[in-house]
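Beneath this line is the structure, given in structure tokens, with notes to follow.
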Amino acid sequence: MTQKFQSIKGFYDILPEATPLWFKLEDTARKILSQYGYNNIRMPVVEPTELFVRSVGEHTDIVEKEMYAWEDALNGDKLTLRPEGTAGCVRAVVEHNLTYNGPQRLWYMGPMFRHENVQKGRQRQFHQIGVEAFGFEGPDVDAEQIVLLARLWQALGIQDVELQINSIGDADERAQYRETLISYFEQHAELLDEDAKRRLHHNPLRILDSKNPRMQNICEAAPKLMDGLGETSKQHFAQLCALLTQSGIAYTINHRLVRGLDYYNRTVFEWVTTKLGAQGTIAGGGRYDTLVERIGGNPTPACGFGIGLERVFLLMQEYGINAQNQPDIYLVNVGELAEQKAFTVAETLRNMGLSVVLHAGGGSFKSQMKKADRSGARFAAIFGDDEAAADEISLKPMLGQGEQTRVSIEQVPVIVQPA
């Protein structure tokens, strides 16, 4: 018996009934990104493993436990399927010297890969839109990216999402806070779970992000990084808050928000929802002013975010947002002459700007009309031998009310306005 294959756990197919809603999400994002002057960049899905170790952080969950990494059997290169997009985008900016003529606003879209526990809204192959701005030091670009996301949620019809923001300061401020945090958690060592104990001396800030219910009280009572910020970091954050208020964007300051990657500094933010259970973050990002230099470029301030498309898709479904791949015409053809001419007629109608599904495979008039109804087309174009001899078509509205009308082929677009 021939083996029947199935997709790998955590890697899934996006089926035709789902793709119209994906198109709506992607096309809306493209339009808004264009409004803000962001240009598309496309990077490979495979990068050197060391790129992620150096950028994301050696002691992060991603690098320690989640990367799909291997050694190329042909040449010994250590390679990784990208677990996130920022590192690859920075690599491309440095490699091609993209900021030589000035700052850059960039965006990309595609699959990312992490070996995670599979659950609703969390897959091992998942899709993101990433947005990165290089060469801008002020909080205005931080605010711009947050406002851009607010515009996207509004355009998609998504409501009840909350913006959480924080400042994690610069490297020297975090280093000092890190020691304070280690000392605090060491004093409460008996309350730490295994994850917290593992992170304590490598990445203590991530303990604040714990979802363990037993850890919440100790995390809430921890010293706040913002209390130890210098004047420059405080001013940057205050200006960001002022710009958000000026733009009418409500926000909550979450002192435990640190994000999971080592490259962030100053501004960090997340857009969250309560409608997706534990996977409530639908977009997040912040500043990473030292990352370009860390992977070989000149010192370049930068800010960016990623959108989890699967989670936004689930949220759109939760709100009952619909989209359909709706052709203008389903071309029914019955009769020897009609079948001979239908292919050319369909091409003629497409040249007029109409989307046309041509019935193929024969069948009775009744069976073809059933397929026309199932297709979701706005009109059934009935093309029999009589119509074929006269170069005409009978148009039957499939949605709502309307009479069947027989017109010349040239008149079809007058009645069937292209969608």
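Throughout, read-outs are computed from the coordinates displayed, never taken from laboratory work. Small disclaimer: the values here were computed from a predicted structure and weren't measured. All Cβ positions, even for glycine, are placed from backbone atoms using ideal geometry, and neighbour counts span all protein chains on display.
Results, tabulated for the structure shown:
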| item | result |
| --- | --- |
| Overall form of region 202-255 per C-alpha gyration tensor (a/c, 1.5; a/b vs b/c) | oblate |
| ALA360 paired with THR274, simple spin-label distance in nm, labels 7 Å along Cα-to-beta-carbon | 5.1 |
| Euclidean distance between Cα centres, region 292-368 to region 235-254, Å | 40 |
| In nm, spacing of pseudo-spin labels at GLU231 and ASN212 (7 Å Cα→C-beta vector) | 4.1 |
| Fluctuation leader among TYR177, TYR12, TYR288 - the chain, Gaussian network, Cα springs under 10 angstrom | TYR12 |
| Helix-derived mean residue ellipticity, 222 nm - over the chain, DSSP H n ≥ 4, -39500 (n - 2.57), to 500 | -10500 deg cm²/dmol |
| Label-reachable residues, region 61-92, where backbone N falls under 16 Å from a point 7 Å from ASN117's Cα toward its Cβ | 61-62, 65-66 |
| Gain upon complete extension [PHE23, ASN101; 0.36 nm per residue less C-alpha separation] | 24.7 nm |
| Per-selection Rg to Rh, the chain - Cα, Kirkwood hydrodynamic radius | 1.10 |
| Dimensionless Rg ratio for region 267-329, taking C-alpha atoms and the 2.2 N^0.38 Å reference | 1.67 |
| Tilt relative to the chain, helix 309-318 - C-alpha long axis, 0 to 90 degrees, to 10 | 60 |
| Label-reachable residues, region 27-51, where backbone N falls under 11 Å from a point 7 Å from ALA323's Cα toward its Cβ | 27-31 |
| Cα gyration tensor category, rounded, prolate or oblate, for region 329-415 with a/c compared to 1.5 | rounded |
| GluC sites (Glu not before Pro) restricted to region 366-419 and DSSP loop, no more than 11 other C-beta within 10 Å | GLU403 |
| Spin-label pair LEU337/GLN6, simplified geometry with 7 Å Cα→Cβ offset, distance in nm | 5.5 |
| Span from the region 388-415 Cα centroid across to the region 115-136 one, whole angstrom | 47 |
| Compactness of region 154-253, expressed as Rg and Dmax over alpha-carbon positions, Å | 16.3, 48 |
| Farthest positive-ward along the chain dipole, Cα basis, beta-carbon charges - from ILE168, TYR38, ALA380 | ALA380 |
| Region 29-80-region 1-21 distance, computed between alpha-carbon centres (Å) | 24 |
| Region 1-127 shape via C-alpha gyration tensor axes, a/c threshold 1.5 | oblate |
| Reach of LYS78 by Cα under 18 Å, taken over lysines that are not fewer than 8 positions away in the same chain | LYS65 |
| Flagged links, alpha-carbon separation over 30 Å, of LYS275/LYS370; LYS24/LYS371; LYS9/LYS275; LYS234/LYS275 | LYS275/LYS370; LYS234/LYS275 |
